[in-house]
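Written below as structure tokens is the structure these notes are about.
The values are calculated or read from the model by the stated rules, or taken from the named source; none is laboratory data. Note that the structure is predicted; figures quoted are calculated from it, not measured. Please note: Cβ atoms are built from the backbone with ideal geometry, for glycine as well, and neighbour counts cover all protein chains shown.
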Amino acid sequence: MADAFNTAGNHRGVDTSIAAAELAALTSNHLRYVVHKTLCEQGDHTVDEVCAIAGYPRYSLQPRFTELRKKGLICDSGLRRRNVSGANAIVWRAVLRDRKAVAA
């Protein structure tokens, strides 16, 4: 199946990086779905908050936020909250296919 996000091509040309990118491509669609569904159902949240709600480690979901943002499926709500490290973090909002933000 073709990966519309080309996660299989996200590597540095090194054998371990190629293998990791191929593995990521197999799970990325599901993880993008988890992020988008969580934001649609639970409202606006930071990456750390979505990870806690969905039960996934940050390293699994954080790259999916970038992919979803680039495709216009999530957007910056304009809000900020402290993340686990204490830094300000973007509070993300889901966007539906018609490009309207989901009301929080």
So for the range 28-44 (the condition being in contact with a Ser or Thr (Cβ under 8 Å, 6 or more places away or on another chain), at pLDDT 90 or above and more than 19 Å from Arg93 (Cα to Cα)), does at least one residue qualify? yes
Is it the case that Ala103 is more than 13 Å from His36 (Cα to Cα), modelled with pLDDT of 95 or more and among the aliphatic types (A, V, I, L, M)? no
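What number of residues within the range 59-70 are surrounded by 15 or more Cβ atoms within 10 Å (Cβ to Cβ) and more than 13 Å from Lys37 (Cβ to Cβ)? Lay out the reasoning, then the answer.
Just the residues of the range 59-70 that are surrounded by 15 or more Cβ atoms within 10 Å (Cβ to Cβ), to begin with: 60-65, 67-69.
Imposing the further condition that a residue be more than 13 Å from Lys37 (Cβ to Cβ) reduces the set to 60, 62-63, 65, 67, 69.
Selection size over the range 59-70: 6.
With the condition kept exactly as written, say whether any residue in the range 70-78 is in contact with an Asp or Glu (Cβ under 8 Å, 6 or more places away or on another chain) and closer than 14 Å to Ala94 by Cα.
yes
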Scanning the range 1-24 for residues that are modelled with pLDDT of 85 or more and either surrounded by 14 or more Cβ atoms within 10 Å (Cβ to Cβ) or under 23 Å from Leu73 (Cα atoms) (or both) gives Ile18
Restricting the range 62-96 to residues that are in a helix (DSSP H, G or I) and hydrophobic (A, V, I, L, M, F, W, C), the residue that is nearest to the chain's Cα centre (by Cα): Phe65
Can you tell me which residues in the range 23-52 are assigned to a helix (DSSP H, G or I), more than 11 Å from the chain's Cα centre (by Cα) and over 14 Å from Asn83 (Cβ atoms)? Leu23, Ala24, Ala25, Leu26, Thr27, Cys40, Glu41, Gln42
All-but-one check, Tyr56 against (1) aromatic (Phe, Trp, Tyr); (2) modelled with pLDDT under 95; (3) outside any helix (DSSP H, G or I), failing number (2)
